[in-house]
Amino acid sequence: MRLFPWSEQLAIDVGTAHVHVAVKGEGVVVREPSTVAFSDGGHQPVAVGEEARQLWDWNVSEVKVVRPIRAGVVADFDGAVMMLRRFIRQALGHRPLFSPAVVVAHPATATGVELQALRHSLAAAGAGQMTMVQKPLAAGLGAGLPLHSEESYLVIDIGAGATDIGVFSNGLVTAGHTVRYGGDDLDEALVRAVRRRRGLRITRSAAEHIKQQTGSVDRSPNPAVVPVDDVITVEEKQHLDSYDIDIAWVPQVLTEAFQPLIEELDWIIANLPDSSRRQVERGGMVLTGGCALLRGLDELFRERLQLPVAVAPDPLSCTILGLEAILNDLGALSLNGRRFGTNNL
Ligand SMILES: Nc1ncnc2c1ncn2[C@@H]1O[C@H](COP(=O)(O)OP(=O)(O)OP(=O)(O)O)[C@@H](O)[C@H]1O
Ligand SMILES: [Mg+2]
């Protein structure tokens with residue numbers, strides 16, 4: 001069965017930190033940071049994606065770098081349109097831009113206005129017919145959860161700006177929640193901790209670097225120091241007596257930073273209908289999204305929430321892989337009574 005017989009078919013995951021685009025039959029062809037750079041006062045982008053992210057890291061004064069998506073929703077409409085237009089063109093290569101049909105993931109509890117903004121920005125970027133899919137469904141499919149099974153699993157997609165949660169059962173998602181808490185909040189917790197402990201102002205990119213290179217929430221030995229070259233600016237270095245930042249405390253700070261999310265998850269699980277909660281207690285939870293890569297996170301969730309926990313293979317790609325599965329095998333999913341191809345926003 002072909003859903004969109006007249007044009008190219010794309011799947012797009014528009015995230016706070018990353019945009020992924022897959023082309024039907026070709027797989028994932030674009031993986032780029034969600035960033036756009038404008039020259040000071042200019043309205044045309046000077047760089048998009050990885051190039052723009054590097055300008056952000058270098059803190060070039062004549063360039064304004066924006067992340068147009070926040071917590072999975074459009075925060076800067078013009079920036080989002082320019083970024084999406086570039087990535088759609090990149091995905092299509094030399095093929096003409098003829099209103100490609102798009103399957104796109106949206107936060108589990110996006111409001112009507114947020115969905116409209118996502119839709120309008122994609123349309124302005126050149127997309128044609130649109131199919132909106134809840135993120136936990138896409139992430140669950142991309143994590144390889146079975147389409148036909150009586151078991152239920154809690155899918156927890158922890159991205160940069162938000163955590164999307166849903167009960168995945170038989171190719172359907174129920175009890176969807178979006179908690180506006182993700183990797184960006186962990187970075188901010190690290191920025192605050194370095195300021196408190198060393199009196200240093202590090203950038204959020206530096207904090208993200210510490211988190212990704214050495215961060216964990218487990219108690220196993222970590223490298224005890226990170227070279228300052230990696231995380232702070234030249235001016236700040238002048239005030240330093242030592243050229244390393246002690247980071248043995250990072251697991252503790254990250255563990256504490258996860259507390260609001262753990263409390264929210266606890267509340268969501270406690271409020272599931274009895275039958276659904278019992279099924280989730282058997283099936284457990286599957287972690288997807290970039291933050292699932294943090295060492296020891298599965299252990300922390302298992303201990304605090306008393307449920308089986310698995311980390312999906314390739315957590316950064318789960319959502320786009322699930323969207324691609326929907327592009328490729330719509331028939332199998334429609335069998336479950338779900339209607340894709342909705343244009344009803
Ligand atoms: N190895 C790693 N260890 C820890 N965190 C990581 C690692 N790799 C990526 N991350 C974090 O994962 C987050 C990005 O994840 P992801 O790409 O899934 O987010 P997103 O889909 O863009 O955001 P959202 O879904 O919230 O809109 C960032 O906060 C990043 O720092
Ligand atoms: Mg995401």
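The values are calculated or read from the model by the stated rules, or taken from the named source; none is laboratory data. For clarity, every value in this text was computed on a predicted model and none was experimentally measured. Positions of Cβ are backbone-derived with ideal geometry, glycine not excepted, and every protein chain shown enters the neighbour counts. What goes into the accessible areas is simple: the full protein's heavy atoms, side chains included, and nothing from ligands, DNA or RNA. Shrake-Rupley method; radii C 1.70, N 1.55, O 1.52, S 1.80 Å.
Some observations on this one:
- The share of C-alpha pairs in the chain whose separation exceeds 31 Å stands at 36 percent.
- Segment Arg192-His120, length gained on full extension (0.36 nm per residue, minus Cα span): 22.2 nm
- Once backbone amide H atoms are built at 1.01 Å from N, Gly128 has Ala101, Val102 as its partners under 5 Å, excluding neighbours fewer than 5 places away on the same chain.
- Think of a 1.4 Å ball rolled over the protein heavy atoms: the chain then has 45 Å² of accessible area per residue.
- Between the amide H of Gly215 and any residue lying 5 or more places away or on another chain, no distance stays under 5 Å, with hydrogens modeled in the peptide plane.
- Solvent-free Debye calculation, one equal scatterer per alpha-carbon of region 1-156: log10 I(q)/I(0) at 0.12 Å⁻¹ equals -0.54.
- Share of carbon and sulfur in the accessible heavy-atom surface of region 94-194 [1.4 Å probe, %]: 56 percent
- Calculated from backbone phi, Karplus (6.51, -1.76, 1.60) coupling profile of region 98-115 in Hz, x at Gly/Pro: 10, 5, x, 6, 10, 9, 10, 8, 10, x, 4, 10, 5, 7, x, 5, 5, 5
- FRET efficiency for the Trp267 to Asp57 pair, using the beta carbon distance and R₀ = 30 Å, is estimated at 0.20.
- Environment charge at Val30 (Cβ cut-off 13 Å; Lys +1, Arg +1, Asp -1, Glu -1): -1
- Structure-based [θ]222 nm, the chain - -39500 (n - 2.57) summed over DSSP H runs of at least 4, per residue, nearest 500: -11500 deg cm²/dmol
- Positive end of the dipole of region 43-192 (Cβ unit charges, origin at the Cα centre): among Leu190, Gly112, Tyr153, the Cα lying farthest that way belongs to Gly112.
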